[in-house]
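S.K.: One structure coming up, written as structure tokens, with questions to follow.
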Amino acid sequence: MRYTFQDSTELPVQRDFIQDLQDFIRISKEAITLERSIIGIKQGTKEETAISQEKLEEIDRFQKDVTSYIEERTQGIESAEILEIKEKTIEAASTAALLKKNERLEDIDRQNRQALMELQQLETQILTTLGPFFETSIYRAENAYYASVEAKEMKGRQVSSVNGIQYEFELHFVHDSLKVEDFRELTLPVWAKSGILSREEKAKKMDVSGFHIMSIEYEENNVRTVLQDKDAEHMFKISADEKALLIMHGDHDITGDEKLAALIDNEALYMFMGKLKEFFTKSVEFRRLKKVLLDGKNAVEENTVFDCLKIIAGIYGKLVRECIERGYTKGEVTIKMEEPGSVRTEKYISKSEASGELSSIGSEGTELARILGVSEA
């Protein structure tokens, strides 16, 4: 599928931008509503805690007043009976005050636990809402991928960032474990002792096809991996990008060893490393959005999800404006779609429709509409 502006100029992102824009509007409405609920619960909990704290202070003041009053009334009295009544009265007041304070503290604890449970549920809902959109629809994001064996299971994560937003996915793979042979046959050169008497070291190619892949990292076109045999006798660390290749066998630098370096099958190795790149797109069973950070702080916990949406709206807004400028109808955001050998079709969303959808959620939506460039005002 080829995507263009209405004047047939190719879109800078080859995606169905109208669908992405509609998805952005939808998830914004859901996420903002959820974030409002979170803010409301936090504010309500804060107010309830303040009221309860005032009640506790009021009980303390009353107990002190009662004690002071009794102390004043019994000052100079030597009667044992009266003094006994005094002590029992003070003790009873103290016990009653403590009982009421404990009841109030239990109420605070119960309210806080209830609020925490509701907050956790809402925070999970926000991440669930944002997840599918963050997975594919944030343009120009830089992505880094990591996978490693933990408790005999391959686990992974994706860390992406754009304009101060960083978000992390938990990755679940189709396979729990990997071997080199799952991608291709591979040999790596090593020094090995040979001969019965001399035990002379000679360069040889070791078949590592059956080695386990212990970890994979892929970021900024650089791929790194660790390979290990089942007995943990041999371990290779490989790092490759377009400019450099590094292979370590234990502490020995194979690529820095002239004789061993000459035996490296570069074509096979680069094909293998290329397969490792594809692993993060072809072998992920599902992704789960775990966290969203804004300027290093948890956006969900800090209630700055709306600020993240404004940044994304800024990215989308540039494309919205270009769609309008290159379009024939200034009240519409329009793109063309063309499948090989088929007729071109147009897809659009009107500014009024987009603005109306967003404005329905209040001031935050109105601000997003303005940043997107679909505001009617």
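The values are calculated or read from the model by the stated rules, or taken from the named source; none is laboratory data. Predicted model, so just to flag it, every value in this text is computed and none were measured. Methodologically, a virtual Cβ is constructed for each residue, glycine included, from the backbone with ideal geometry; neighbour enumeration extends over all protein chains shown. We work out accessible area using only protein heavy atoms, side chains counted, and drop any ligands, DNA or RNA first. Shrake-Rupley method; radii C 1.70, N 1.55, O 1.52, S 1.80 Å.
S.K.: Across segment 307-315, in residue order, what do the Karplus-derived ³J(HN,Hα) couplings come to in whole Hz, using 6.51 cos²θ - 1.76 cosθ + 1.60 with θ = phi - 60° and x for Gly and Pro?
M.R.: Karplus-based 3J(HN,Hα) across segment 307-315 equals 5, 5, 5, 5, 5, 5, 4, x, 5 Hz.
S.K.: By how many nm would the segment from residue 19 to residue 54 grow when fully extended, if each residue of separation counts as 0.36 nm and the alpha-carbon distance is taken off?
M.R.: 7.4 nm
S.K.: Moving on to the next point. Would you calculate, for the chain, the mean residue ellipticity at 222 nm contributed by helices, counting each DSSP H stretch of 4 or more residues as -39,500 (n - 2.57) and dividing by all residues, to the nearest 500?
M.R.: -16500 deg cm²/dmol
S.K.: Hand me the tally of lysine pairs in segment 261-331: alpha carbons under 19 angstrom apart, and the pair either on different chains or 8 or more positions apart.
M.R.: 4
S.K.: How long is the gain from residue 65 to residue 8 if the chain were fully straight, where each residue apart is worth 0.36 nm and the alpha carbon distance is subtracted?
M.R.: 12.1 nm
S.K.: Would you mind getting me the FRET efficiency between residue 231 and residue 121? Use the beta-carbon distance for r and R0 = 56 Å, nearest 0.05.
M.R.: So, using R0 = 56 Å, E works out to roughly 0.75.
S.K.: Expected output is a single nm value to one decimal: the length gained when fully extending between residue 348 and residue 85, i.e. 0.36 nm times separation in residues minus the C-alpha distance. What is it?
M.R.: This chain segment gains 86.1 nm when fully extended.
S.K.: Continuing with the same structure: If you roll a 1.4 angstrom probe over the protein chains with everything in place, what fraction of the accessible area of segment 164-286 belongs to carbon and sulfur, to the nearest %?
M.R.: Looking at segment 164-286 in its full context, I get 46 percent from C and S.
S.K.: Using a ≥ b ≥ c from the Cα gyration tensor of segment 256-343 (square roots of the eigenvalues), is it rounded, prolate or oblate, where a/c under 1.5 gives rounded and otherwise the larger of a/b and b/c decides, a/b for prolate?
M.R.: It comes out oblate by the Cα gyration axes.
S.K.: Then there is this: Would you mind telling me which residue in 295, 60, 20 has the biggest mean-square fluctuation in a Gaussian network model of the chain, where springs connect alpha carbons within a distance under 10 angstrom?
M.R.: In this elastic network of the chain, the residue with the biggest mean-square fluctuation among 295, 60, 20 is 60.
S.K.: Provide the three semi-axes, in whole Å and in decreasing order, of the ellipsoid equivalent to segment 33-135 as defined by the square roots of 5 times the Cα gyration tensor eigenvalues.
M.R.: Here the semi-axes work out to 51, 11, 6 Å.
S.K.: Right, something else. Using a Förster distance of 30 Å, how high is the FRET efficiency between residue 100 and residue 75, based on the Cβ-Cβ distance and rounded to 0.05?
M.R.: 0.60
S.K.: Moving on to the next point. Could you calculate the FRET efficiency of residue 370 with residue 209 from 1/(1 + (r/R0)^6), where r is the beta carbon distance between them and R0 is 45 Å, rounded to 0.05?
M.R.: After rounding, the FRET efficiency stands at 0.20.
S.K.: Shifting gears a bit: So what's the angle, to the nearest 10 degrees on a 0 to 90 scale, between helix 17-73 and the longest Cα principal axis of the chain?
M.R.: 30 degrees
S.K.: Let me make sure I get this right: for segment 164-286, a, b and c are the square roots of the gyration tensor eigenvalues over alpha carbons, sorted descending. Under 1.5 in a/c it's rounded, otherwise prolate if a/b > b/c, else oblate. Which is it?
M.R.: Prolate.
S.K.: Here is a follow-up. Consider the candidate values (i) 33.2, 111; (ii) 20.0, 62; (iii) 19.4, 58; state which one is Rg and Dmax of the Cα atoms in Å computed from the structure displayed.
M.R.: Calculated Rg and Dmax of the Cα atoms in Å: the matching label is (i).
S.K.: What does the accessible area per residue of the chain come to in Å², with a 1.4 Å probe and no ligands, DNA or RNA counted?
M.R.: Normalised by residue count, the accessible surface of the chain is 57 Å².
S.K.: Using a 7 Å offset from the Cα along the Cα-to-Cβ direction at both residue 1 and residue 321, what is the distance between the two label points in nm, to one decimal?
M.R.: That separation, rounded to one decimal, is 2.7 nm.
S.K.: Another one. Does a label point 7 Å from the Cα of residue 39, set along Cα-to-beta-carbon, have any residues of segment 289-303 with amide nitrogen under 11 Å, and which are they?
M.R.: 303
S.K.: Something else about it: By how many degrees, 0 to 90 and rounded to 10, does the Cα axis of helix 266-282 deviate from the longest principal axis of the chain?
M.R.: 40 degrees
S.K.: Which whole-Hz couplings ³J(HN,Hα) result when phi for each residue of segment 323-340 is put into the Karplus expression 6.51 cos²θ - 1.76 cosθ + 1.60, θ = phi - 60°, listed in order with x for Gly and Pro?
M.R.: 4, 5, 5, 8, x, 9, 10, 6, x, 9, 9, 10, 10, 10, 10, 9, 8, x
S.K.: Compute the angle between helix 363-372 and the longest alpha-carbon principal axis of the chain, please, reported from 0 to 90 degrees and rounded to the nearest 10.
M.R.: 20 degrees
S.K.: So, in Å, what gap is there between the alpha-carbon centers of segment 12-73 and segment 314-377?
M.R.: One Cα centre to the other: 36 Å.
S.K.: Which lysines have a Cα less than 23 Å from the Cα of residue 193, not counting those fewer than 8 places away in the same chain?
M.R.: Qualifying lysines at Cα under 23 Å: 202, 204, 205, 230, 237, 259.
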